[in-house]
1. Taking the stretch 170-210 as the region of interest, how many residues are crowded, with 18+ Cβ neighbours inside 10 Å, at pLDDT 95 or above and not hydrophobic (A, V, I, L, M, F, W, C)?
2. Write out, first by first residue and then by second, each pair whose Cβ atoms fall under 7 Å of each other, whose residues are 6+ apart or on separate chains, and whose first residue, in the stretch 102-119, is of a type in the set (Lys, Arg) while the second is in a helix (DSSP H, G or I) and at pLDDT 95 or above.
3. Across the stretch 131-157, what is the total count of residues that are over 22 Å from Ala238 (Cα atoms) and aliphatic (A, V, I, L, M)?
4. Can you find, within the stretch 83-136, the residue that is surrounded by the fewest Cβ atoms within 10 Å (Cβ to Cβ) among those that are in a helix (DSSP H, G or I) and of a type in the set (Lys, Arg)?
5. Of the residues Ala51, Ala63, Ala27, Ala57, which is modelled with pLDDT of 95 or more, among the aliphatic types (A, V, I, L, M) and within 20 Å of Met134 (Cβ to Cβ)?
6. For residues that are in contact with a Ser or Thr (Cβ under 9 Å, 6 or more places away or on another chain) and acidic (Asp, Glu), scanning just the stretch 31-54, find the one that is surrounded by the most Cβ atoms within 10 Å (Cβ to Cβ).
7. What number of residues within the stretch 1-30 satisfy the criterion of being buried (at least 21 other Cβ atoms within 10 Å of the Cβ) and more than 17 Å from the chain's Cα centre (by Cα)?
8. If you go through the stretch 34-56, how many residues are part of a loop (DSSP other than H, G, I, E, B), free of Cβ contacts under 8 Å to residues at least 40 places away in the same chain and over 22 Å from Ser235 (Cα atoms)?
Amino acid sequence: MATKLFDLTGKIALVSGASRGIGAAIATLFAEQGAHVIVSSRKLDGCQTVADEIVAAGGSAEALACHIGKLEDIEKTFATLRERHGRLDILINNGAANPYFGPILETDYGAFTKTVEVNLRGYFFMSVEAGRLMKENDGGTIVNTASVNALIPGAGQGIYSITKAAIVNMTKAFAQECAPFGIRVNALLPGLTKTKFANALFADNTIYTEWINRVPLGRHARPDEMAGAVLYLVSDAATYTTGECLVVDGGLTI
């Protein structure tokens, strides 16, 4: 049910990487606040499942497959958005790739390229296309899902951490240039969150313990906790917030 503070009624929101985990939680929460949510990820089936669950609960949603590592998919996605809706109010860049987990000196070219194509190039051109459409319609909001790895590189996650650090600076660059058009751009830096994407961290007890020992609350976070932070960033309560990076670690904002 929408609240007065976080009402998104009538908003069109595109959430990438929304077939599960943090993305699915964001899409579901946005729909509960009245937004029409476009659930997007590489595979249509997973997106359709989330969209169907939203609709069954009384919300408004549609599924749209988009591999953000492929420029042609991004172009096709925004052509579809223009045709179906004519505008976009909210973009959540949440899809990500982490194909390599191990020593940075053993990172191969394929893993490097895939990580950069999805995590950085994908976010960049999703933001470019969204920004152009938002500019035509008097503004909007973009939120990029980065990671606390942007601040402190994660063990065995060298190139992933590097791309997440780049997303933070990219967020600030877009915020600076897009603010005159009424477009706010912010980033969320989640800490260790229990998702399928983060399975490798939970499976390695040494790495998991290292994470937990530096989190003030001494626990990992849940996807819904990340969703709440993103909802704030796209709400009217954050109207004057742009270029900010909200760090959420173990459910605690630090």
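The values are calculated or read from the model by the stated rules, or taken from the named source; none is laboratory data. This structure is a prediction, so every number in the text was calculated from the model and none was measured. All Cβ positions, even for glycine, are placed from backbone atoms using ideal geometry, and neighbour counts span all protein chains on display.
1. Looking only at that region, the number is 3.
2. none
3. First pass over the stretch 131-157, keeping only residues over 22 Å from Ala238 (Cα atoms): 149-157.
After this cut, where a residue has to be aliphatic (A, V, I, L, M) as well, the list is 150-152, 155.
The number of residues fulfilling the criteria is 4.
4. Taking the stretch 83-136 and keeping what is in a helix (DSSP H, G or I), we get 83-84, 104-106, 109-136.
The next check asks that each one be of a type in the set (Lys, Arg); those that pass are 84, 114, 121, 132, 135.
Values: Arg84: 11, Lys114: 16, Arg121: 17, Arg132: 13, Lys135: 15.
Restricting to residues being in a helix (DSSP H, G or I) and of a type in the set (Lys, Arg), the top hit is Arg84.
5. Numbers: Ala51 fails: within 20 Å of Met134 (Cβ to Cβ); Ala63 fails: within 20 Å of Met134 (Cβ to Cβ); Ala57 fails: within 20 Å of Met134 (Cβ to Cβ).
After applying the criteria, what remains is Ala27.
6. Glu53
7. 1
8. Of the residues in the stretch 34-56, the ones part of a loop (DSSP other than H, G, I, E, B) are 34-35, 42-43.
Still in the running and free of Cβ contacts under 8 Å to residues at least 40 places away in the same chain: 34, 43.
If we keep only those that are over 22 Å from Ser235 (Cα atoms) as well, we get 43.
Within the stretch 34-56, residues that are part of a loop (DSSP other than H, G, I, E, B), free of Cβ contacts under 8 Å to residues at least 40 places away in the same chain and over 22 Å from Ser235 (Cα atoms) number 1.
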